[in-house]
Amino acid sequence: MSRNKAIIYMVCAALLWSLGGLFIKLVDWHPLVIAGIRSGIAGSLMLFFSGKLPKRFSKDVWIGAVCYATLATCFIFANKLTTSTNAILLQFTAPIWVLMISTVVYKEVLRKRDVLVILSVMTGMVLFFVGNLSVGNMLGNLLAILAGIMLAVMILVMNRKKENNPLHMTLLGSAILFVLALPFALLFPPSITVQSVSSILVLGIFQLGLGYVLFTKSVQHVTALEAALIPVIEPLFNPLWVLIFIGEKPTVYSLIGGGVVLGSIVWKQMIDGRETLARAVR
């Protein structure tokens, strides 16, 4: 695959991911039912593209799968409880949790700019809670942060060994989530409406399934900097679709906090990407 084609694939993947906030809000079902059915549909599509699966999954793959199932559930609950802006941008703090967990677990030394980015992101996160003091908003924000932490753990587990296949983690996590959601589908039967059914199909087939397939096919054909920065399209467009089609407006504090979080992480990714490129040239 050419680099230009890979970039187009990755941009399309990020745009598909950005549809999550809008279509989650359009499905009038229990959040766990949404999470399970979306994962079941997406997992079936990913299975088609995954090829032969191993007979047994490693411990790391199981850990990654549980993290994936948890973050997917938390993200959908967050979208139902708080604004899409808060949900996606607080989940997008995952790189900062990677830094912090690496310091505690792997004893990695933080650089000065890492400390600066962590403090900056934490300041931005605090702003999300200003003016959103209702129980629902608070819980939604906290679940979005937990989704970011779970994504960070999943990233660390993926990077621990080369054989830790992220597609296997996502597939197994999707299967776990689908099975766990089945009892909730009986307790909270989903209403079969055109809006809900069409929206869950978009979420499963396009937003999650096709989005992930495009990303995995393209990620090895772009630079590390491009792979880090192109997905930033998702948190930029996610709130925009919700604003245009539903009219949900984020608070001023959320916009400021989001700008601080997004700007800090993009700055870090750019610096790290340039350093990686410089080392490769040498």
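The values are calculated or read from the model by the stated rules, or taken from the named source; none is laboratory data. Bear in mind that the values here come from a model prediction, so they are computed numbers and not experimental data. We place every Cβ from the backbone using ideal geometry, glycine too, and count neighbours over all the protein chains shown.
Key figures
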| read-out | value |
| --- | --- |
| For Leu255: the one exception among (1) modelled with pLDDT of 85 or more; (2) over 30 Å from Leu26 (Cβ atoms) | (2) |
| Count - residues of region 94-114 that are acidic (Asp, Glu) and closer than 23 Å to Ala72 by Cβ | 0 |
| Qualifying residue in region 92-104 (condition: part of a loop (DSSP other than H, G, I, E, B), over 18 Å from the mean Cα position of the chain (by Cα) and either β-branched (Val, Ile, Thr) or at pLDDT 90 or above (or both)) | no |
| Any hit, region 65-74, residues being at pLDDT 90 or above, surrounded by fewer than 24 Cβ atoms within 10 Å (Cβ to Cβ) and either farther than 30 Å from Pro190 by Cβ or of a type in the set (Lys, Arg) (or both) | no |
| Leu208 being part of a helix (DSSP H, G or I), surrounded by fewer than 19 Cβ atoms within 10 Å (Cβ to Cβ) and either over 19 Å from the mean Cα position of the chain (by Cα) or not β-branched (Val, Ile, Thr) (or both) | no |
| Residue, nearest to the chain's Cα centre (by Cα), within region 246-276, restricted to residues that are of a type in the set (Lys, Arg) and within 18 Å of Ala227 (Cα to Cα) | Lys268 |
